[in-house]
Structures are given as structure tokens and as C-alpha cells.
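**Student:** My questions will all concern the structure given below.
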Amino acid sequence: MMKRAGKMAVQALLAVTVMTACGIGDEPSTVKKPQERAVSPQPGTPGSEPAGGKSLLKQLDATASRAKEAREITAFLDASLKKADAKTADKMLLRLEQYYDQLLPAVNARFKRMLEQPGTAEKLRELGVPADFQKIQNDDALKQWLLQQAEGKLALDCSGENGFYWKIDYEALKKAYASYLSDDLKAYLAIRAAESNKTFFDDGRLLIERSELADRILQAESYLTGYPSGHRRTEIQALYVDYMEQYIHGYRYDAVDERTMKLLPSVKRSYEQLVKQHPDTKTAQIVRDYMEEINQNQDVIYHPGKKGENIIDDPKRNIGEFWSGLRSRIDAAFPATKRQRGGGVPNKAE
């Protein structure tokens, strides 16, 4: 019914699905020193890592270089984070994410082959999501392998497009490690945990209520304004964009009256409530500007479709222009810092 291009950036950030890891052997390779994720540099005096912190980071790298599974690395963090100061704990968490980036393709490649075995997918579908692997019967090998992945703080999820896949369990990371981290990464894990617990969008539809989506948008804004040079500012801004695109123009049959082409009153009220309850936020300003365009059209969003071809046609001109300019509005509301534009020290997780 609706036109929608591209994949959601948040899906690429949270998981490497079973469809992306062809050609990898049955056993995961050992993990190299992380290089994949860039980290926005933090203010402060460089080169002041405590001796104990340097030792922990070296031990973490050594553990990861030998690791065949994520649980070997998380076991080290479970035992060691309590010995670290917040600065070192942050670096250990950031490196863990990078190790996951390297491990997940192999995990999902092996999992894909397991799912091809007769009966395996059916057993998992019977469990549902979240799955209690202890309930698997007559297949101890499968049960133990699944439990081992969960022990490594990975979560099993199911996408309408790609089926079952493993992703980072940010709720588990938050519960185990947040107390040792800086406020920056505590806030980051809280945002990621909400998305990890329930993906907001999949298979062309919104999976959460608009009120919850509004809460997630405001939580992401709080991170962007509270930590303008935050470790994971780039990732959270990408998530904020995904959230706002769905909130502003991710309309489906439940958002527009197909007889009148008007926005449903319940959707408009959600905009009005956000603006009323959070008037001083950057999000409220964007939504306020959008409501002016909606009001100008007396709530009409689309041109009617052509008989026999489609129900809904292109958006009204002013609405379409607002949608196409949404990313520019967001970039203007949350401009990159000088450090992010290339100034300061190089991006590193170390």
C-alpha cells in the first residue's frame, strides 16, 4: 500500500543476521584486536590511562584473541569490570561491542546451517521469542549450543524478513555492566536495551505503540544533547533518524483514513501530546513545524490513488517536501561537534 525504500539503520547496528555470513566455517575463528567501530573521542587529557587499566585492557585483548565464543569474553568482563575505574570500564565495554561485530557473522552462519537441519526451526518456533532453551527436548546438542550463546550475552530474535538470528543482548549487558560505566555509556545501554528487548520496526510495520516510539525518540534526544561528544553519538543519532522517520511519515493503514486521505485523529493527538508535554525539546520543534503543514492541509496527507491502480498516491506537495527535508532538520538540530567533523584526536576505542 505504501512506498518505503531502504532498510532501517538500527537493524544493521543491532544484529548481523543469518543471511549475511555465507562461506564461514563451522567453528568461529579467534577474535582479532577490535578495529571495526569508531568511537567519538572524549574530552579530557589524553594518555592518562592508569596502570591497572592498561593491564585489564591487555588481558581483555589476550582473552579475545584466544576466544572461540562470546561467552569466553563476557566471562572475563564479569570477573574483571569490578576492578576497573569508569574510564577503563567504558573502554572494555566498547571493545566488547567490537568483538561482537567480529563474532556474530560466524555465529549466525553456523546457526543458519543448524536451522537447515530437519526439525530445528520447528523446535525454535514452538518456543517463541523470548525462548526458554531449557524446554528443548530430545536434542541436548542444540540446547547446549543455544544456552552457550545466551551465556555470551547474545539474544535470539526473529525477523519477518530473515527469520531467526542472534544479536547483542543489550538488556543483559545493561544488567551486568551498567553500574561500572560512565553516565554516557549507562544512558547508551538503556537506549540499546529498549530496542534490543523489542525492535520498533520490522517487515514494513511499526511493532510498538506510537506513544512508546515517542518516548524512545525523546530518550535518544536526551543522549544527543546530554553527551554531544558521547562515545556512541553517531549510532544514537542514526537511531534517532530511524525513529523520527517512522514517527513522522511511516504511515500505514492504521495512520491514514483511506477514504479522506486524512491523518487519523489518534495519530495527530500523539503529535499534539508530545509538543504539549515536552515543549522545549528539539523533537517538539520538529513535530510542531510538521503540524503546521498538516493543519495547512486540514489534515490531508496524500492525494487519492488512481482507480484500479492504487488506493493512495503521492503525498501532498508540502507534506512531501517536509518528509524529504526531515534529515536536514535533524542534522541542524543536532550538529556534529568539531571533534566529530575531523578535529581532535583520531577515533579509537582504546
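The values are calculated or read from the model by the stated rules, or taken from the named source; none is laboratory data. The shown structure was predicted, so the numbers you read here are calculated from the model rather than taken from an experiment. Here the Cβ positions follow ideal geometry from the backbone for every residue, glycine too, while neighbour counts run over all protein chains shown. We work out accessible area using only protein heavy atoms, side chains counted, and drop any ligands, DNA or RNA first. Shrake-Rupley method; radii C 1.70, N 1.55, O 1.52, S 1.80 Å.
**Student:** What FRET efficiency comes out for the pair residue 295/residue 135, r = Cβ-Cβ distance, R0 = 56 Å, nearest 0.05?
**Tutor:** The formula returns an efficiency of 0.60 here.
**Student:** Let's see if you can work this out: charge +1 on each Lys and Arg Cβ, -1 on each Asp and Glu Cβ, no other charges. What is the dipole magnitude of segment 128-218 about its Cα centre, in debye to the nearest 20? Don't skip to the answer; put the middle values down first.
**Tutor:** On the way: 12 positive and 16 negative charges, 35 e Å.
Here the size comes out at about 160 debye.
**Student:** For segment 148-286, what is the charge dipole size about the Cα centre, in debye to the nearest 20, if Lys and Arg each add +1 at the Cβ and Asp and Glu each add -1 at the Cβ?
**Tutor:** Its charge dipole is roughly 260 debye.
**Student:** Rank by packing, highest mean first: peptides 230-243, 112-125, with packing defined as the count of other Cβ atoms within 10 Å averaged across residues.
**Tutor:** 230-243, 112-125
**Student:** Hey, another quick one. Quick check: residue separation of residue 86 and residue 285 times 0.36 nm, minus the Cα distance between them. What number comes out in nm?
**Tutor:** 68.1 nm
**Student:** Given a cut-off of 18 Å, name the pairs among 143/175; 153/198; 112/135; 54/175; 87/282 whose C-alpha atoms lie farther apart than that in the structure shown.
**Tutor:** Table pairs above 18 Å Cα-Cα are 143/175; 112/135; 54/175; 87/282.
**Student:** Residues with beta-carbon under 15 Å from that of residue 198, excluding residue 198: net charge, scoring Lys, Arg +1 and Asp, Glu -1?
**Tutor:** On the way: positive: 167, 174, 192, 205, 210, 216; negative: 157, 169, 171, 195, 202, 203, 209, 212, 215, 242.
My count for the surroundings of residue 198 gives -4.
**Student:** Can I ask one more? Under 12 Å from the Cβ of residue 213, count the other residues' Cβ atoms, weight Lys and Arg +1, Asp and Glu -1, and hand me the total.
**Tutor:** Neighbour charge sum, excluding residue 213 itself: -3.
**Student:** How much net charge surrounds residue 145 when only the other residues with a Cβ under 10 Å from the Cβ of residue 145 are counted, with Lys and Arg +1 and Asp and Glu -1?
**Tutor:** -1
**Student:** Applying a 10 Å radius around every beta-carbon, put 208-216, 327-335 in order of their mean neighbour count, most first.
**Tutor:** Most protected by this proxy first, the peptides run 208-216, 327-335.
**Student:** Roll a 1.4 Å probe over the protein chains and send me the accessible area per residue for segment 213-348 in Å². Could you put the intermediate results ahead of the total?
**Tutor:** On the way: 6970 Å² over 136 residues.
About 51 Å² of surface per residue is accessible.
**Student:** A further question follows. So between residue 327 and residue 212, what do we pick up on full extension, going 0.36 nm a residue minus the alpha carbon distance? Working shown, then result.
**Tutor:** Working: separation 115, 0.36 × 115 = 41.40 nm, distance 2.14 nm.
Full-extension gain reported as 39.3 nm.
**Student:** Just to confirm, what accessible area per residue do you get for segment 63-175 at 1.4 Å probe, in whole Å²?
**Tutor:** Numbers: 4910 Å² over 113 residues.
Ligands and nucleic acids excluded, the result is 43 Å² per residue.
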